[in-house]
Amino acid sequence: MKTMEQYARLVDRAREKASGTLGSMVREPPGAFQEEKTPLTELLEFILNTAYQSKASDVHFEPLEQGIRIRLRINGVMKLFFQGMPWELYDKLVSRVKIICGLDIAEKRLPQDGRFSFAACGEGASLDVRTSVVPTIHGEKIVLRLLNAPDSFKGLEQLDLSAGNLRLLREKCTGSSGMLLLAGPVNSGKTTTLYAVLTMLNQEGINIISVEDPVEYRIEGINQIQVNGKINFGFAEALHAVLRQDFDCLAVGEIRSAEAAEMLISSALTGRRVFATIHTPGAVKTIYRLLDMGIKPYLLAAAVSAVMGQRLVRRLCPVCREPYRAAPGSREAEFLGEDYDRQQEFFRHRAKGCPHCEHTGFAGRLAVQELLNLDGRLAEAVAAGVTAGELAKLAEEAGMVSMRQDGIKKAAAGQLELSELLEIL
Ligand SMILES: [Zn+2]
């Protein structure tokens, strides 16, 4: 394999040449770096370029007992890329990454994080890389997250929303006030959705402020604030300050405390548009998470205009996917329940893949969503204190397509595998 050979050659060269110095480097705020090419830099660039070309979202450098392992996360799955890097070279690489990010190279016992930007494949566009260094029992583990990889930054039309959900989401985002919540676990794509919404609203006539931890993507025209717990500038402090910043739209990633939730609710009630992500499994559950945080039902009903729940699954390669029918009694049939029809065709990935999908059977990722429109009867029901089960039933009657139903439609259309959908729901 060519990439492997190139990697081995670069490791050898870096090991020979990287004795002593770390090479000179000029750091240009914010986080951009330019440096003299050394074999060690070339090695790092090579790994980053390989990750970028493979459409990886993260690069993991893992110190294990038997040596350093480098894995990439591609389409949500970890894949082994490189193995075999001498320890002394890895130590230098860790120091190099720390210098680029402006971290303390002497600190090896505590986690640190930072970021830098990098011209991928020598292209003009620069790639933002978020860095996390954490001590493990065998040494420091580095995770590099490639932020504005072409796949991760999308417009509203590219979020895989059904036509009905797209229409409703757009209507909710452009409304004059109220709060839109984006719900999901880690890696469910909710931040991508938040940025897509903000990008759509990003115009000269509107003051948009975001409070984030961390700022994942930079968007020109939006006032992005990075909170910093180390200096007591947390979400609550940032939100207090923002209230005096004459904003039209406020975005928060993500709601973690009752105090933050209360402040956002009151902003939404004073005629502002508020967008926030929250770590909950789905739309209806989000309402009850906020109630558990102590938000009064009538305030919540008045402030929240909609909640979108979402998950990410692997997108089937449209070229080599294979049709099949779910057998009676199979896990799929069980999952489909009343919707099961033995004639219905679904699709699964071809194990060997094809050149189009780089022989993986999958091509990127796809979101499944549900959008709870909290107005009219549903808002009244929340204000009156209905149970989660009752609210879910009312939402269904009002026409909400659940994540499960949205996923099943997408599976029938050949976009995703039913077996993966039932795994995540
Ligand atoms: Zn394929």
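Odds and ends about this structure:
- Some residue of segment 361-371 being more than 16 Å from the ligand (Cβ to nearest atom), out of contact with any Leu (no Cβ under 9 Å at 6 or more places or on another chain) and at negative phi: yes
- Pair list, Cβ under 6 Å, 6 or more apart: segment 168-180 residue within 16 Å of Leu264 (Cβ to Cβ), other residue of a type in the set (Phe, Trp, Tyr): Leu180/Phe275
- For the residues Ile265, Ile231, the requirement of being more than 23 Å from Val304 (Cβ to Cβ), among the β-branched types (Val, Ile, Thr) and out of contact with any His (no Cβ under 8 Å at 6 or more places or on another chain) singles out Ile231.
- Here is the figure for segment 256-268: residues that are over 20 Å from the mean Cα position of the chain (by Cα) and farther than 21 Å from Glu380 by Cα total 5.
A quick yes/no check of all residues on (1) in the same structural domain as Glu370 (by TED's automatic domain parsing); (2) at positive phi; (3) open to solvent by 20 Å² or more (accessible area, probe 1.4 Å):
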{"site": "Pro135", "(1), (2), (3)": "no, no, yes"}
{"site": "Arg167", "(1), (2), (3)": "yes, no, yes"}
{"site": "Arg170", "(1), (2), (3)": "yes, no, yes"}
{"site": "Leu182", "(1), (2), (3)": "yes, no, no"}
{"site": "Thr193", "(1), (2), (3)": "yes, no, no"}
{"site": "Ser210", "(1), (2), (3)": "yes, no, no"}
{"site": "Gly221", "(1), (2), (3)": "yes, yes, yes"}
{"site": "Arg244", "(1), (2), (3)": "yes, no, yes"}
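The rows are residues; the columns are (1) of a type in the set (S, T, N, Q); (2) within 19 Å of Val368 (Cα to Cα); (3) open to solvent by 40 Å² or more (accessible area, probe 1.4 Å).
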position	(1), (2), (3)
Ile287	no, no, no
Met293	no, no, yes
Leu299	no, no, yes
Ser305	yes, no, no
Met308	no, yes, no
Cys320	no, no, no
Glu334	no, no, yes
Glu338	no, no, yes
Asp341	no, no, yes
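- For segment 288-299, the criterion of a residue being within 16 Å of the ligand (Cβ to nearest atom), in contact with a Ser or Thr (Cβ under 8 Å, 6 or more places away or on another chain) and assigned by TED's automatic domain parsing to the domain that holds Ala412 is satisfied by no position.
One line per residue, one yes/no per condition, for (1) more than 24 Å from Lys410 (Cα to Cα); (2) within 24 Å of the chain's Cα centre (by Cα); (3) at pLDDT below 95:
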site	(1), (2), (3)
Thr270	yes, no, yes
Val284	no, yes, no
Gly294	yes, no, no
Gln310	no, yes, no
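- Residues in segment 304-336 that are within 16 Å of the ligand (Cβ to nearest atom) and of a type in the set (A, V, I, L, M): 2 in all.
- Tally of residues being within 12 Å of the ligand (Cβ to nearest atom) and of a type outside the set (D, E, K, R) across segment 337-358: 8
- In summary, Thr191 fulfils each of the numbered conditions (1) farther than 19 Å from Cys249 by Cβ; (2) not in a loop (DSSP other than H, G, I, E, B) with the single exception of condition (1).
The values are calculated or read from the model by the stated rules, or taken from the named source; none is laboratory data. Since we're looking at a predicted model, the values are computed, not measured. With ideal geometry, Cβ positions are generated from the backbone for all residues, glycine too; neighbour counts draw on all protein chains shown. Side chains are part of the model used for accessible areas, which takes the heavy atoms of the whole protein and leaves out ligands, DNA and RNA. Shrake-Rupley method; radii C 1.70, N 1.55, O 1.52, S 1.80 Å.
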